[in-house]
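Below is one structure, written out as structure tokens; comments come after it.
The values are calculated or read from the model by the stated rules, or taken from the named source; none is laboratory data. All values derive from a computational prediction rather than experimental measurement. Here the Cβ is made from the backbone with ideal geometry for all residues, glycine too, and neighbour counts use every protein chain on show.
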Amino acid sequence: MFIGTFTLSLSIAVLFAPLVVHSKYCEILANVVSNTKMPFMLTIELPDGQQTEQIIFDEPGAKNVILKGQNCGSKHWRLNTFRRDANGQWQLAKESQAKLDGAGGQMTLKVEDALQPRVAGRLGVFCAESAICGGGPSSGSATNELSPRG
């Protein structure tokens, strides 16, 4: 009886060990895809205050960015898009927030004409508490697929 209980406890500990690692440090490869001809800028701010360099698109295309931070799943990330005004200055277009986390995962962020970023696919990345995750505000799960979510 003791050996069976010990084995079960050890199995549970091994199963949940990656979740502990994810809560301390994250590294996510984000493939940002522009499906619009409208010029825009995307910024991503992690919960620890780190912010990506400005990701600027003047036409449809894709760019990769590595997102690294501490305690990534503890608070919401901020994903903001900006469009140029008549004077050529960047003005906020869409302000989004989501809880994201993952260690060694990857995701695809797509931006269409409405300039609303959305997670179109993810592998080893947790996304929750936002409609940009693909399943509405109550959606939240890690997935092992990179297929589009809508």
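When residues in the stretch 59-103 are screened for being farther than 19 Å from R118 by Cα and either aliphatic (A, V, I, L, M) or not in a strand (DSSP E or B) (or both), 8 of them pass. Filtered by the rule that a residue be closer than 16 Å to L79 by Cβ, among the acidic types (D, E) and touching a Gly at 6+ places or on another chain (Cβ under 9 Å), the stretch 25-48 gives a lone residue, D48.
Condition (residue is at pLDDT 95 or above and surrounded by fewer than 16 Cβ atoms within 10 Å (Cβ to Cβ)) applied to the stretch 116-127: is it met by at least one residue? Checking the stretch 116-127: not a single residue is at pLDDT 95 or above and surrounded by fewer than 16 Cβ atoms within 10 Å (Cβ to Cβ). If we scan the stretch 25-40, do we find a residue that is surrounded by fewer than 15 Cβ atoms within 10 Å (Cβ to Cβ), closer than 16 Å to C127 by Cα and modelled with pLDDT under 95? Scanning the stretch 25-40, I find at least one residue that is surrounded by fewer than 15 Cβ atoms within 10 Å (Cβ to Cβ), closer than 16 Å to C127 by Cα and modelled with pLDDT under 95, so the answer is yes.
Annotation: H22 fulfils all but one of (1) part of a loop (DSSP other than H, G, I, E, B); (2) of a type outside the set (A, V, I, L, M); (3) at pLDDT below 95; the unmet one is (1).
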